[in-house]
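The values are calculated or read from the model by the stated rules, or taken from the named source; none is laboratory data. Just so we're clear, the structure is a prediction, and the values are computed from it rather than from any experiment. Positions of Cβ are generated from backbone atoms using ideal geometry, with glycine treated the same way; all protein chains shown enter the neighbour counts. Ligands, DNA and RNA are stripped out before the accessible areas are found, and what is left, the full protein with its side chains, is counted by its heavy atoms. Shrake-Rupley method; radii C 1.70, N 1.55, O 1.52, S 1.80 Å.
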Amino acid sequence: KGRVVFDNAGFSYDPDSPAVRGVSIVAEPGMTVALVGPTGAGKSTVLNLLTRFYETDQGSILLDGYPIESLSKEWLRDHTGYVTQESFLFNTTLRDNLKLAKPDATDDEIWAALDNANASPFVRELPEMLDTVAGERGVRFSGGEKQRLSIARALLKNPPLLLLDEATSALDNETERLVQQALETLRSDRTSFVIAHRLSTVRNADLICVLEDGKLVESGKHDELLARG
Ligand code: ADP
Ligand code: ADP
């Protein structure tokens, strides 16, 4: 599960200038696909076509063979982990924050998700661990910690598809490391699409897609792209 096919897909916010056009990508289950390219290239738009936040208006997108428009937004929400730059935590315990994704999650499942997101080391340092209150009125976590908690929350659903949007923090070393780690640990049975600014951040991705001006200008593994210059 988690096979994603973009076939000549596109989307226009403005009919005169498509934001994404003619994009074809095949992601086999378990692959990590990185979307790189300059600001405005269309990376976030591509990611948001997979949530159906925006509807493809050119070509098609298939998820395990189903045209994406045939899948309800609710179904997609349940089967997709979506982590954005603005990771948020509510003023409640970490356990409750994480259980938002899966209300019946057990503590064992929560710890497994925290492990996979590289969040368990700092959570274990907290005196009350999962009972620690987060958010404005509780412990203030660093940006990187919040993102890891947010990844853990997304993983708790065990979604076949994980979308990671780190677009805005090009120069943030902590985020870069986080994405690198995520690429190493998240490659299991799930397909991930990850937005990154720098090629070096995603050198371990199974497929790197370089977008420019809404078009897929190159794709391949890190070393292949470097060899082609
Ligand atoms: P990236 O994620 O690579 O920075 P985006 O997908 O955000 O690129 O943007 C692609 C293009 O679509 C850009 O030209 C951007 O200005 C435009 N765009 C993005 N979001 C919107 C929007 N909500 N309304 C209109 N145009 C948008
Ligand atoms: P069933 O397969 O018995 O209908 P599911 O809960 O597996 O029950 O699926 C419900 C609906 O969700 C399916 O009819 C289909 O539209 C969609 N669906 C199921 N599995 C997938 C999948 N791997 N990828 C995309 N859509 C799926």
Let me have the relative contact order for the chain, percent, based on Cα pairs under 8 Å that are six or more residues apart. 30
Rule-of-thumb check for the chain: C-alpha Rg over 2.2 N^0.38 Å? 1.02
Expected field for Asp213, accessible surface area in Å² at 1.4 Å probe radius, rounded to 10, holds 100
From the cross-link list Lys73/Lys99; Lys1/Lys215; Lys43/Lys99; Lys43/Lys73; Lys1/Lys157; Lys157/Lys215, the entries with a Cα-Cα span beyond 25 Å are Lys1/Lys215; Lys43/Lys99; Lys157/Lys215
Taking the Cα centre of the chain as origin and charging only Cβ (+1 Lys, Arg; -1 Asp, Glu), how large is the dipole, in debye to the nearest 20? 120
With a 1.4 Å probe and all protein chains left in place, how much of the accessible area of the chain comes from carbon and sulfur atoms, in whole percent? 49
Put Leu226, Leu149 in order of accessible area, largest first, 1.4 Å probe: what do you get? Leu226, Leu149
Prolate/oblate/rounded call for the stretch 1-87, Cα gyration tensor, a/c under 1.5 rounded: rounded
1.4 Å probe accessible area per residue over the chain, in Å²: 48
Just add up the charged neighbours of Gly81: K/R +1, D/E -1, any other residue whose Cβ is under 12 Å from the Cβ of Gly81. +3
Among all stretches of the chain without exposed GluC sites (Glu not before Pro) (DSSP loop, at most 14 other Cβ atoms within 10 Å), which one is longest? 137-229
Surface accessible to a 1.4 Å probe, Thr56 within the full protein complex, Å²: 40
So what's the stretch 20-69 giving for Cα Rg divided by 2.2 N^0.38 Å, two decimals? 1.14
